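Values in this text are rule-based calculations from the coordinates and carry no lab data. What you see is a predicted model; the values in this text were computed from it and never measured. So basically every Cβ, Gly included, is an ideal-geometry build from the backbone, and we count neighbours across all protein chains shown.
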Amino acid sequence: MPRRYSGQIIDGNINSKANELEIRSIKNIPTQSVWVRNQISKMLDETSKAIDLNEKMVITLRDTIPLILEQEEILKLNGDIHEIQSMMNIHDE
């Protein structure tokens, strides 16, 4: 059964059994997206790289809406992803 997740940037449902995260909103902007295990890990890699390089990050909602994340937001997103991975028992490979 999916568990509700409400982080600092991501809001959605975690389905540990299916290794999926159903995203309902990012930065309080409604969206619908499903990330599987490897997409979650890839997003963690991307946020970590942006943090290391002190860069902004652009993500796209609904394949049409670009959303620019500042460093503070990237740090929060990175934290959300770490929490989600922990809740899903996903470990960096």
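When a footprinting reagent is the concern and you count Cβ atoms within 10 Å, what order do 87, 1, 43 take, fewest first?
Numbers: 87 13, 1 6, 43 20.
Result, fewest neighbours first: 1, 87, 43.
Answer with one residue from 44, 25, 85: the one whose Cα lies farthest towards the positive end of the charge dipole of the chain, charges on Cβ with Lys, Arg +1 and Asp, Glu -1. The Cα lying farthest towards the positive end belongs to 25.
With contacts taken as Cα pairs under 8 Å and at least 6 residues apart, the chain reaches a relative contact order of 24 percent. Between 67, 53, 44, the residue with the greatest mean-square fluctuation in the GNM of the chain (Cα pairs under 10 Å linked by springs) is 53. A cut-off under 11 angstrom between Cβ atoms defines the neighbours of residue 24, and their net charge, with Lys, Arg +1 and Asp, Glu -1, is -1. Here the sum of -39500 (n - 2.57) over DSSP H runs of 4 or more residues, divided by the residues of the chain, equals -12500 deg cm²/dmol at 222 nm, to the nearest 500. The order of 72, 46, going from fewest to most other C-beta atoms within 10 Å of their C-beta, is 72, 46.
Note down the magnitude of the dipole of the chain about its Cα centre, charges +1 on Lys and Arg C-beta and -1 on Asp and Glu C-beta and zero elsewhere, to the nearest 20 debye.
In total the dipole reaches around 380 debye.
Structure remark: mean-square fluctuation, Gaussian network model of the chain, C-alpha springs under 10 Å; the largest value among 62, 24, 37 belongs to 62.
Net charge within 13 Å of residue 67 by Cβ-Cβ distance, Lys/Arg positive one each and Asp/Glu negative one each, not counting residue 67 itself? Once all neighbours under 13 Å are counted, the net charge is 0.
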